[in-house]
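For reference, the structure is listed below as structure tokens.
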Amino acid sequence: MSWQARALTGLMRGTLKPASTLLMRHPLALAGAARLGDLARLVQVPHPEHVSIAPAAFSACAGEWVRGGQGLDEDKALLYFHGGGYFSCSPGTHRSITWRLSVVARRPVLALDYRQGPVHKLADSLADALDAYDCLLRQGYAAEDIILAGDSAGGHLTLATLLALRDRGLPRPAAAICLSPWADLTDFPRRANRWQDPLLPASRVRWLARRWTSGLDPRDPLVSPVLGDFSGLPPLMIVTGSTEVLREEARRVAERARLAGVPVRYEEWRRMPHVFPILADVLPEARLAFRHMSQFLGAVGARPSSLGDSAAA
């Protein structure tokens, strides 16, 4: 564990985790966080000069095209779903992930600004994801030239989208990457890593799951993808930290997918915080994780073989 990781996890444990414990106790807190998220969209998050950002619009939502440099394969795309518990964050907050994914996948990344709570429901977020995927197909991208990826709640949306595409008999993408996926929204107590997680309070994750599943069957695979049948899904890469409260969900997704015959690359990084690849600007472990993603995409044939690896990530 690098000294940067030790310093950051200590800072998270002393600030962000107690703040989440105190604030995420009332629906008004979600509304306030959502409003802050709206303001955050006005902020232009810095990115390297070689990275280009262009707005994208869809029928019910928007997003942005992220290109991590020149020489990308424009016939291919990666559709990215940001995390944020389904109530906060945006494509702009996750550019440190999306531009690096563009580099390692050697293609443009479409970061979707899907609808979120508390105004919208899980079904709205999934509808936006499916709409964006269908839009890519209608624009001429072949399913085998599309990769799905997401972190945390976006990892949940990635898995739900894959299951929905399979169930509807639609063409599936070449591969998918899930970073610290939130995959189980049933009302169960998360005891593993309850005290070790430096960022997420287990009780607040459970509280949030109750909010988003109100009026729904939490055991529906589109609500809790970890309970789904993964047969017929494309190769998966799952990345998590060993001390996360969501680690067990990531493990269970990997196990169920393997049992269904899906090729899975599961990586559990020692003592890394939730969605640690977003900290690649400061964490050497996060930068190394992107190299592993590049290896995964190369192994499953989802990255153009004619283009070499880049050290830019």
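The values are calculated or read from the model by the stated rules, or taken from the named source; none is laboratory data. The model shown is predicted, which means the values in this text are computed figures rather than measured ones. FYI the Cβ positions are ideal-geometry reconstructions off the backbone, even for glycines, and counts take in every protein chain you see.
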Item checked: Residue that is farthest from residue 11 (Cα to Cα), among those in the range 248-278 that are out of contact with any Gly (no Cβ under 7 Å at 6 or more places or on another chain), buried (at least 19 other Cβ atoms within 10 Å of the Cβ) and touching a residue at least 40 places away in the same chain (Cβ under 8 Å) -> 253
Note to self: If I filter the range 83-103 for residues that are at pLDDT 95 or above, of a type in the set (A, V, I, L, M, F, W, C) and outside any helix (DSSP H, G or I), do I get at least one hit?
What the structure shows: no
Item checked: Any hit, the range 200-208, residues being free of Cβ contacts under 8 Å to residues at least 40 places away in the same chain, over 16 Å from the mean Cα position of the chain (by Cα) and at negative phi -> yes
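Would a scan of the range 133-152 turn up a residue that is of a type in the set (Lys, Arg) and assigned to a helix (DSSP H, G or I)?
From the range 133-152, those of a type in the set (Lys, Arg) are 138; that's our starting set.
With assigned to a helix (DSSP H, G or I) added as a condition, the list becomes 138.
Yes, some residue in the range 133-152 is of a type in the set (Lys, Arg) and assigned to a helix (DSSP H, G or I).
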Margin query: Looking only at the range 174-199, filter to residues that are free of Cβ contacts under 8 Å to residues at least 24 places away in the same chain and under 19 Å from residue 252 (Cβ atoms); which one of those is surrounded by the most Cβ atoms within 10 Å (Cβ to Cβ)?
Written below: 188
Next item on the list: Can you confirm whether the range 45-56 contains a residue that is of a type in the set (Ser, Thr, Tyr) and buried (at least 24 other Cβ atoms within 10 Å of the Cβ)?
Entry: no
Notebook entry, point to check: When both residues are 6+ apart or on different chains and their Cβ atoms are under 7 Å apart, which pairs have a first residue that lies in the range 69-82 and is in contact (Cβ under 8 Å) with a residue 24 or more places away in the chain and within 12 Å of residue 136 (Cα to Cα), and a second that is surrounded by fewer than 24 Cβ atoms within 10 Å (Cβ to Cβ) and of a type in the set (Phe, Trp, Tyr)?
Noted result: 77/141
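Being surrounded by fewer than 22 Cβ atoms within 10 Å (Cβ to Cβ), within 19 Å of residue 185 (Cα to Cα) and hydrophobic (A, V, I, L, M, F, W, C) is the requirement here; does residue 123 meet it?
Working: surrounded by fewer than 22 Cβ atoms within 10 Å (Cβ to Cβ): yes; within 19 Å of residue 185 (Cα to Cα): yes; hydrophobic (A, V, I, L, M, F, W, C): yes.
The answer is yes for residue 123.
In the range 165-201, which residue that is outside any loop (DSSP other than H, G, I, E, B) and small (Gly, Ala, Ser) is farthest from residue 286 (Cα to Cα)?
Narrowing the range 165-201 to residues outside any loop (DSSP other than H, G, I, E, B): 165-167, 175-179.
Remaining after also requiring small (Gly, Ala, Ser): 175-176.
Numbers: 175: 21, 176: 18 Å.
That would be 175.
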Check: Of the numbered conditions (1) farther than 30 Å from residue 6 by Cα; (2) at pLDDT below 95; (3) assigned to a loop (DSSP other than H, G, I, E, B), residue 234 satisfies every one except a single condition; which is it?
Finding: (2)
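Looking at the range 6-30 only, could you name the residues that are among the basic types (Lys, Arg), modelled with pLDDT under 70 and exposed (fewer than 12 other Cβ atoms within 10 Å of the Cβ)? Let's see the steps before the verdict.
If we filter the range 6-30 for residues that are among the basic types (Lys, Arg), which is where we start, we get 6, 13, 17, 25.
Right, trim to modelled with pLDDT under 70 and you get 25.
None - no residue of the range 6-30 is among the basic types (Lys, Arg), modelled with pLDDT under 70 and exposed (fewer than 12 other Cβ atoms within 10 Å of the Cβ), so the list stays empty.
Select from the range 209-223 the residues that are assigned to a loop (DSSP other than H, G, I, E, B) and either touching a residue at least 12 places away in the same chain (Cβ under 8 Å) or of a type in the set (A, V, I, L, M, F, W, C) (or both) and write down the one among them that is surrounded by the fewest Cβ atoms within 10 Å (Cβ to Cβ).
Initial filter on the range 209-223 (assigned to a loop (DSSP other than H, G, I, E, B)): 213-223.
If we keep only those that are either touching a residue at least 12 places away in the same chain (Cβ under 8 Å) or of a type in the set (A, V, I, L, M, F, W, C) (or both) too, we end up with 213, 216, 218-219, 221-223.
Numbers: 213: 18, 216: 15, 218: 17, 219: 13, 221: 18, 222: 19, 223: 22.
Applying the filter and picking the extreme gives 219.
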